[in-house]
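Peer 1: Below is the structure I would like to discuss, written out as structure tokens.
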């Protein structure tokens, strides 16, 4: 990576806060459903509902959040979101210690955490262009993706061990603390944001009109539209599979939480490899072709999960997650940089909110569908449906639009 961001203290504070938060989030990603499965003995459908509750806010408040954030300064939004998530997650180990933890509380915790994550994610991606020049967006996103990759390598392993040692509800406390640390780092950012460009527009026009402007921009842009469709479909089928994977591993295969965490950690080494090589891959293949290849690899890799023999599934699981996570940074870093670079400043929040609405909004639908399919068809057939559907999503990127895209444009591109 280049040296351009080495002296940018505010970017380093954002990077540090995000890295700590990501580590804690990876612990909860494993711990929260294990609370439901092992402590509360949840069914496949209940686990699906829990997964849906975490991402449902992207459907409910995703688009309005973009309008509001375009009229607010982003740093306070990030800090409040972090502190709020810390407080909400802290109720899980507290209720467990008091003997009053229920699935209803887990649903509420997942839902509230999801709402705060919507605001954090939209504000965070809209804030980065205020901290770094447009020419350094790929470098900045690469570093942030690398820290996320490292968290995905270490987090599940740490989470699995914590669940094994102190039980799943208490492991959630680690994530609560991580959000407080993240808030302290982000609060230390000193760069003064420009007054929100869309503040007057957001007040003078209706919510519907403001949302519509962001939706029209994304759906009217040939690059953003294709990425939104591909990612939304992939996430739908990925959520179907992940809604039943832990149940399949714990109940049908009898794998311990510590071993599951180790599988995620070893498989997630692919994130570090992918994040490190993203710039080389995109330079060699071109931005468009790299995206298409990464999309196909992400979808096809999950087929190794239902293909795994029940007597020796772990090597197949590790290989599946390693391939998927290696392709993920290539697919994630470049589109985010592309979106930030080509979108006018006054539409950043609404653009990111629209993209999140489309690509994350399919997650709760997939989780509910996965829980239902797992209950009616069985866990392994549901995993096959996830793998096939995720692979087919990549075909939405095939064509001249991405085949001819060699580099990320350096100037905003208004769409009439």
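Derivation of every value follows stated rules applied to the coordinates shown; laboratory data play no part. Values in this document were obtained by computation on a predicted structure and should not be read as measured data. Neighbour counts are summed over all protein chains in view; Cβ atoms, including those assigned to glycine, are modelled from backbone coordinates with ideal geometry.
Peer 1: What nm distance separates the two modelled labels at residue 252 and residue 273, each placed 7 Å from Cα along Cα→Cβ?
Peer 2: 2.7 nm
Peer 1: Further question on the same structure: For the range 271-330, what does the alpha-carbon gyration tensor say about shape, rounded, prolate or oblate, given a ≥ b ≥ c as the root eigenvalues, a/c under 1.5 as rounded, and a/b over b/c as prolate?
Peer 2: prolate
Peer 1: Please rank 186, 240, fewest neighbouring Cβ atoms within 10 Å first, as an exposure proxy.
Peer 2: Starting with the residue having the fewest Cβ neighbours, the order is 186, 240.
Peer 1: Taking Cα pairs under 8 Å and at least six residues apart, what relative contact order does the chain come out at, in percent?
Peer 2: The normalised contact order for the chain reaches 29 percent.
Peer 1: Largest first and in whole Å, give the semi-axes of the range 290-416's equivalent ellipsoid, each being the square root of 5 times a Cα gyration tensor eigenvalue.
Peer 2: 33, 18, 12
Peer 1: In µm²/s, what is D for the chain at 4 °C and 1.567 mPa s, where D = kT/(6 pi eta Rh) by Stokes-Einstein and Rh is the Kirkwood radius from Cα pairs?
Peer 2: 60 µm²/s
Peer 1: Separate question: In units of 2.2 N^0.38 Å, what is the alpha-carbon radius of gyration of the range 208-269?
Peer 2: Taking the Cα Rg and dividing by 2.2 N^0.38 Å, one obtains 1.77.
Peer 1: By average Cβ neighbour count within 10 Å, what is the ranking of 273-284, 53-64 from highest down?
Peer 2: Highest-to-lowest ranking by the protection proxy: 53-64, 273-284.
Peer 1: Here's something else I'd like to know. By how many degrees, 0 to 90 and rounded to 10, does the Cα axis of helix 74-98 deviate from the longest principal axis of the chain?
Peer 2: Computed tilt is about 10 degrees.
Peer 1: Percent of alpha carbon pairs in the range 27-87 separated by more than 13 Å?
Peer 2: Across the range 27-87, Cα pairs with separations above 13 Å total 72 percent.
Peer 1: Sort 256, 175, 121 by Cβ crowding within 10 Å, fewest neighbours at the top.
Peer 2: Ranked by crowding around the Cβ, least crowded first: 256, 121, 175.
Peer 1: Would you please give the FRET efficiency between residue 285 and residue 310, computed as 1/(1 + (r/R0)^6) with r the Cβ-Cβ distance and R0 = 41 Å, to the nearest 0.05?
Peer 2: 0.60
Peer 1: Quick one: if the Förster radius is 22 Å, what FRET efficiency do residue 166 and residue 100 give, using the C-beta to C-beta distance and rounding to 0.05?
Peer 2: According to the calculation, E is roughly 0.75.
Peer 1: Rounded to the nearest 10 degrees, what's the angle between the helix 348-376 long axis and the longest principal axis of the chain, both from Cα atoms, 0 to 90?
Peer 2: 20 degrees
Peer 1: Now a separate question. What is the range 207-333's relative contact order, in percent, from Cα pairs under 8 angstrom and six or more apart in sequence?
Peer 2: For the range 207-333, the relative contact order is 30 percent.
Peer 1: Can I ask one more? With a 10 Å Cβ neighbour count serving as the proxy for reagent exposure, in which order, fewest first, do 385, 260 appear?
Peer 2: Result, fewest neighbours first: 385, 260.
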